[in-house]
Amino acid sequence: MLKRAIPVGVIAVLLAGLLVWSQQRAGPTKVSGVIEADEIRLGSRVGGRVKNVLVEEGMPVAKGDPLVTLEPYDLEERLAQAQALAEQNRQLLAKMNAGFRDEEIAQAKARHDRFVALVDRMERPPRDEEVAAARARIKQANAQLELAQQSQQRLLDLYERQPQAVPQDQRDRAAEEVKVSLASVEVRQEELKILLAGTREEERREARAQRDEALAAWQLAKDGFRDEEIAEAEAALQAAEASVSVIEKQIEELTIRSQVDGIVEAMELQPGDPMSAGGAAMSVMDTGRLWVRAYVPQGQLQVQLGQRLDVTVDAYPDERFTGEVTFVSRQAEFTPSNVQTFEERAKQMFRIKVTLELPNNRNSPEEVKLRPGMTADVWLKISES
């Protein structure tokens, strides 16, 4: 039996159809990747010597948990000093805002009134009664002088008649009384001259200056402090409070706390170790935010930002997790050697980032399912939700 040969044209058509079918057939519905997480490197802005290490590597921690404490040195004393200065400035500002007390204003007014009366008394001429009293004191002094002179003269006359009857000391006392009376007359006469001449000009100027000074002090007490003085006191208080805030923040920095819920990844400190300011002393893996890094063939690049995709992991083959596409690379790159895809290795890929929704990953460490480093498959079909 003779076999009929297949025409060459038919073979060409079949080959062309097979090529078209091979180019149009559906690609893989999933790509593989690895679950990753942020690594938070922690330290202190003040630095110092380690006092206590409260965690170990691999230990789960919650946001705000203390990890390491540092020696305070003189920060507590500096804080007390800054707080005292701030309180002093606060009281000063309160005093300036309240102004002077009524008693202080009354005291300033009384002092002013006293100097006003003093000036008035200095500038007025002496009263007639004062002049009359001064003249009367002069007459009294003259009468005493005349009496002393008469007594002395009687003793002298008696001494001339009977020298033995008047001893020397009696004659001396009589002479002394005359001198004292004469001096008293001169003093009274000078007092009258001063009274009639009035107060000296320099004394009046001094009294007027004291009166003006008292008036200014009284006015200042009534008006209170100037706005510039109050503003200066407010600025001083703000500066003191800022110093308190700075030291308080430095004391807060003595305790290094976890910034996320996660797992201690690296801890190389021991009590007594020095730690530089601003340096990273440890790292914490943020288990509250995980994503899958995967590579999509350019022929399957139908994913868009914001799309929600299913994710599976080998550890839980019967469970599916949901993630959102939060990154799609703008440029293609060759597939890394450690990523398995369903396309040929030589084809270029686009890196995507699928952030996982973790309803169960924020509970206790025993309930955490997904962990960084797990291999995962991202299903390119949009999840139903």
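Working carefully through the options Glu160, Glu201, Glu176, Glu186, find the one that is among the charged types (D, E, K, R) and within 30 Å of Phe115 (Cα to Cα).
Glu201
Which of the residues belonging to region 20-60 are basic (Lys, Arg), under 21 Å from Leu254 (Cβ atoms) and either part of a loop (DSSP other than H, G, I, E, B) or at pLDDT below 85 (or both)?
Passing the criteria: only Arg45.
Quick one: in region 139-159, which of the residues that are among the aliphatic types (A, V, I, L, M) and free of Cβ contacts under 8 Å to residues at least 40 places away in the same chain is most open to solvent (accessible area, probe 1.4 Å)?
Per the stated criteria, the residue is Leu147.
Among the residues in region 327-341, are any at pLDDT 85 or above, of a type in the set (A, V, I, L, M, F, W, C) and either surrounded by 12 or more Cβ atoms within 10 Å (Cβ to Cβ) or within 51 Å of the chain's Cα centre (by Cα) (or both)?
Looking through region 327-341, at least one residue is at pLDDT 85 or above, of a type in the set (A, V, I, L, M, F, W, C) and either surrounded by 12 or more Cβ atoms within 10 Å (Cβ to Cβ) or within 51 Å of the chain's Cα centre (by Cα) (or both).
Between a first residue in region 289-307 that is under 15 Å from Val34 (Cβ atoms) and hydrophobic (A, V, I, L, M, F, W, C) and a second residue that is part of a loop (DSSP other than H, G, I, E, B) and open to solvent by 30 Å² or more (accessible area, probe 1.4 Å), which pairs have beta carbons less than 7 Å apart while being 6 or more apart in sequence or on different chains?
Cβ pairs passing all conditions: Leu290/Pro372.
For (1) assigned to a helix (DSSP H, G or I); (2) within 30 Å of Lys139 (Cβ to Cβ); (3) touching a Pro at 6+ places or on another chain (Cβ under 6 Å); (4) of a type in the set (Val, Ile, Thr), each residue gets a yes or a no:
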| site | (1), (2), (3), (4) |
| --- | --- |
| Asp169 | yes, no, no, no |
| Lys179 | yes, yes, no, no |
| Val185 | yes, yes, no, yes |
| Gln189 | yes, yes, no, no |
| Arg204 | yes, no, no, no |
| Trp218 | yes, no, no, no |
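Return the only residue of Val292, Val284 being touching a Gly at 6+ places or on another chain (Cβ under 7 Å), buried (at least 17 other Cβ atoms within 10 Å of the Cβ) and over 30 Å from Leu75 (Cα atoms).
Every option except Val292 fails the conditions.
Tell me, please, whether a residue that is of a type outside the set (A, V, I, L, M, F, W, C) and either touching a His at 6+ places or on another chain (Cβ under 6 Å) or free of Cβ contacts under 8 Å to residues at least 40 places away in the same chain (or both) can be found in region 47-67.
Within region 47-67 (the criterion being of a type outside the set (A, V, I, L, M, F, W, C) and either touching a His at 6+ places or on another chain (Cβ under 6 Å) or free of Cβ contacts under 8 Å to residues at least 40 places away in the same chain (or both)), the answer is no, since none of the residues qualifies.
Return yes when Val260 is under 30 Å from Ala62 (Cα atoms), outside any helix (DSSP H, G or I), in contact (Cβ under 8 Å) with a residue 40 or more places away in the chain and among the aliphatic types (A, V, I, L, M) and no when it is not.
Spelling it out, Val260 is indeed under 30 Å from Ala62 (Cα atoms), outside any helix (DSSP H, G or I), in contact (Cβ under 8 Å) with a residue 40 or more places away in the chain and among the aliphatic types (A, V, I, L, M).
Please verify whether Val116 is under 26 Å from Arg205 (Cα atoms), open to solvent by less than 40 Å² (accessible area, probe 1.4 Å) and in contact with a helix residue (DSSP H, G or I) (Cβ under 9 Å, 6 or more places away or on another chain), treating the condition exactly as stated.
So Val116 does not fit the description; no.
Here is a list of conditions, (1) surrounded by fewer than 11 Cβ atoms within 10 Å (Cβ to Cβ); (2) assigned to a strand (DSSP E or B); (3) not polar (S, T, N, Q), and Arg320 meets all of them except one; can you say which number that is?
It is condition (1) that Arg320 fails.
Kindly indicate which of Ala108, Ala136 is farther than 22 Å from Glu191 by Cα and open to solvent by less than 70 Å² (accessible area, probe 1.4 Å).
Every option except Ala108 fails the conditions.
Can you tell me which residue is surrounded by the most Cβ atoms within 10 Å (Cβ to Cβ) among those in region 295-311 that are under 51 Å from the mean Cα position of the chain (by Cα) and not in a loop (DSSP other than H, G, I, E, B)?
Only one residue fits best here, namely Val311.
Give the number of residues within region 321-332 that are in contact (Cβ under 8 Å) with a residue 40 or more places away in the chain and either in contact with a Phe, Trp or Tyr (Cβ under 8 Å, 6 or more places away or on another chain) or closer than 30 Å to Val55 by Cβ (or both).
2
For region 193-205, check the following and say yes or no: at least one residue is touching a Lys or Arg at 6+ places or on another chain (Cβ under 9 Å), closer than 27 Å to Gln107 by Cβ and open to solvent by less than 80 Å² (accessible area, probe 1.4 Å).
yes
For region 67-93, enumerate the residues that are open to solvent by 30 Å² or more (accessible area, probe 1.4 Å), more than 23 Å from Gly48 (Cα to Cα) and of a type in the set (Gly, Ala, Ser).
Of everything in region 67-93, just one residue is open to solvent by 30 Å² or more (accessible area, probe 1.4 Å), more than 23 Å from Gly48 (Cα to Cα) and of a type in the set (Gly, Ala, Ser), namely Ala84.
For region 352-385, how many residues are polar (S, T, N, Q) and modelled with pLDDT of 90 or more? Walk me through how you get there before you give the answer.
Initially, region 352-385 is screened for residues polar (S, T, N, Q), giving 355, 360-361, 363-364, 375, 383, 385.
Going one step further and asking which of them are modelled with pLDDT of 90 or more, we end up with 355, 375.
Of the residues in region 352-385, 2 are polar (S, T, N, Q) and modelled with pLDDT of 90 or more.
Any residue in region 221-246 that's touching a residue at least 24 places away in the same chain (Cβ under 8 Å): show its pairings with residues that are open to solvent by 60 Å² or more (accessible area, probe 1.4 Å) and among the aromatic types (Phe, Trp, Tyr) at Cβ separation under 6 Å, as long as the two are six or more apart or on different chains.
Within 6 Å, the pairs are Ala221/Phe100.
The values are calculated or read from the model by the stated rules, or taken from the named source; none is laboratory data. Just so it is clear, the model here is predicted, and its values are computed rather than measured. Heads up, the Cβs are rebuilt from the backbone with ideal geometry, glycines too, and the neighbour counts pull from every protein chain shown. Note: accessible area is taken over every heavy atom of the protein model, side chains too, but ligands, DNA and RNA are not part of it. Shrake-Rupley method; radii C 1.70, N 1.55, O 1.52, S 1.80 Å.
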